[in-house]
Ligand code: HEM
């Protein structure tokens, strides 16, 4: 037991109860189906922009070349153009590949002492694999949900649905992305709970989003395949929200409101959490800056015009006194015939 | 974060990114702008009206008719049983085309209306005929 994940589990359980009791027992459909979703989308959008602007105001003084290949150098050295880009175009390629393939995460390595005390470095690809599965499944589910928010449903969306349910398992047909999402989020959670090193560095704000997303996927799957809800009613509500004619159709089922409440909490929590990496990835100085440190002089943008007193100026001011005290000086006093020692000091300096 | 600093770095890029963000997030809002989409109202045929009741309660049918069809399909194809007795003791033949579409023989005005709205495209009609009367 660990207070960090227990806290997250209990928090999500409480959220579930709040929405379930609020709808099933108290009848607060308007609150959970209209007011909270609207508030959540506003908090999400405004909060997201606020965070990005905050980051955009933080100066990045230098290029931060955490690169994985040869920097642009003499022509005899082959440059790793994508891993160590020196032009904007190549940076764009690096960013795109980072975002769609998580290349940084792919480089994740593990260190282990093997039998006989040999040190072993190896790839650790499981995290990369599950992170990739998780993000793609999440994106697919999210896009598929647009069927509740659009009328007529666009053709490309229908195509996506057909592909996602091509296994034709049961009725209603299983959407693979939903299942993959639930499985991947479960594994990402278990990884933090079961691996001691990861558990040691995990806090409640690492567990909470995972548990919350688990809750969303779980209630979604529950109402699609098990505790059926009235999908036509669900779409009526969702479409009402986006067309600014909010309605509460009767008898959708409380699980639906729990699902929507979870999503609202996720949206409102998003800008203030680690989930902001969605925007942050675009602002990462180690990824979005060309490594042209040798070609271009980068001046620290926050450099304050500091009043400096260089050694040269110092010596100009005190040269006579320094020579008098027989301190070595860079520049001699203007030669005076009476003082031959001046030559000696210059020889000493050599 | 130096908040007293009002300067935004790479302003053009950041603003362009934020505009894209807002456009994507508000997609459902502007995509449907000005379009009303009343929920579908499935039309009942004379025969269905005369029967008054569906195989199960209306609430059940609304949400779970596909699962009922799944059970019917498996029961017929795997167990070779064709009689279905509902909670009220009424017996139905478990058949998609001959039972459901007997009462609801207006597939386009009944099944399809909802399905277009909910964006589901049952593949059943690849094999099952959707208007048994015509071929009988
Ligand atoms: C973060 C956003 C969301 C996630 C990750 C999510 C996840 C899921 C998942 C995994 C399912 C199971 C079926 C499937 O794979 O599609 C589902 C079903 C469902 N979700 Fe969501 N959901 C989200 C947002 C919403 C919102 C905003 C609504 C409000 C209208 C909603 C309404 C529904 C409904 C009605 C179903 C049942 C669909 C059916 O029976 O065919 N979801 N959701």
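The values are calculated or read from the model by the stated rules, or taken from the named source; none is laboratory data. What you see is a predicted model; the values in this text were computed from it and never measured. Positions of Cβ are backbone-derived with ideal geometry, glycine not excepted, and every protein chain shown enters the neighbour counts.
Taking the listed residues A:253, A:178, the one that is within 13 Å of chain B (Cβ to nearest Cβ) and either within 12 Å of the ligand (Cβ to nearest atom) or buried (at least 17 other Cβ atoms within 10 Å of the Cβ) (or both) is A:253, with no other qualifying. Apart from one condition, residue B:56 fits all of (1) facing chain A (nearest Cβ under 9 Å); (2) assigned to a loop (DSSP other than H, G, I, E, B); (3) surrounded by 10 or more Cβ atoms within 10 Å (Cβ to Cβ); the exception is (1). For residues that are more than 9 Å from the ligand (Cβ to nearest atom) and assigned to a helix (DSSP H, G or I), scanning just the stretch A:138-152, find the one that is surrounded by the most Cβ atoms within 10 Å (Cβ to Cβ). In this case the residue turns out to be A:146. In this structure, residue A:132 does not satisfy being more than 13 Å from the ligand (Cβ to nearest atom) and out of contact with any helix residue (DSSP H, G or I) (no Cβ under 9 Å at 6 or more places or on another chain). For the stretch A:25-54, a residue qualifies if it is in contact (Cβ under 8 Å) with a residue 12 or more places away in the chain and within 8 Å of chain B (Cβ to nearest Cβ), and the qualifying residues are A:41, A:44, A:48, A:52.
Listed here are the helices (runs of 4 or more DSSP H) enclosed by the stretch A:153-211 that have at least 2 residues being in contact (Cβ under 8 Å) with a residue 12 or more places away in the chain and under 17 Å from residue A:2 (Cα atoms): A:176-194. Per this entry, residue A:87 is not counted among residues that are in contact (Cβ under 8 Å) with a residue 12 or more places away in the chain, touching a strand residue (DSSP E or B) at 6+ places or on another chain (Cβ under 6 Å) and more than 14 Å from chain B (Cβ to nearest Cβ). Filtering the stretch A:229-246 to residues that are surrounded by 16 or more Cβ atoms within 10 Å (Cβ to Cβ) and more than 7 Å from the ligand (Cβ to nearest atom) leaves A:230, A:232, A:233, A:235, A:236, A:239, A:240, A:241, A:242, A:243, A:246.
Criterion first (away from every other protein chain (no Cβ under 14 Å) and near the ligand (Cβ under 9 Å from one of its atoms)) does residue A:198 satisfy it? Judged against the criteria, residue A:198 is not a match.
Return yes when residue B:79 is over 30 Å from residue A:246 (Cβ atoms) and within 14 Å of another protein chain (Cβ to nearest Cβ) and no when it is not. Answer is no for this residue.
If the condition is being out of contact with any helix residue (DSSP H, G or I) (no Cβ under 9 Å at 6 or more places or on another chain) and within 14 Å of chain B (Cβ to nearest Cβ), then the stretch A:59-84 contributes A:59, A:61.
For residue A:124, the criteria (1) in contact with a strand residue (DSSP E or B) (Cβ under 8 Å, 6 or more places away or on another chain); (2) under 30 Å from residue B:36 (Cα atoms) hold in every case but one, which is (2). Evaluating residue B:105 against the criteria (1) part of a helix (DSSP H, G or I); (2) away from chain A (no Cβ under 14 Å); (3) in contact (Cβ under 8 Å) with a residue 40 or more places away in the chain leaves one unmet condition, (1).
Being within 29 Å of the chain's Cα centre (by Cα) and more than 10 Å from the ligand (Cβ to nearest atom) holds for only one residue in A:272, A:218, and it is A:272.
Quick one: which residue in A:170, A:178 is assigned by TED's automatic domain parsing to the domain that holds residue A:262 and on the phi > 0 side of the Ramachandran plot? That would be A:170, the only listed residue that is assigned by TED's automatic domain parsing to the domain that holds residue A:262 and on the phi > 0 side of the Ramachandran plot.
Looking across the stretch B:42-53 at every residue that is out of contact with any helix residue (DSSP H, G or I) (no Cβ under 6 Å at 6 or more places or on another chain) and surrounded by 15 or more Cβ atoms within 10 Å (Cβ to Cβ), the one that is nearest to residue A:230 (Cα to Cα) is identified as B:44.
Exactly one residue out of A:35, A:64 is more than 23 Å from the chain's Cα centre (by Cα) and assigned by TED's automatic domain parsing to the domain that holds residue A:241: that is A:35. Among the residues examined, residue A:85 does not qualify as under 21 Å from residue A:286 (Cβ atoms) and at pLDDT below 90.
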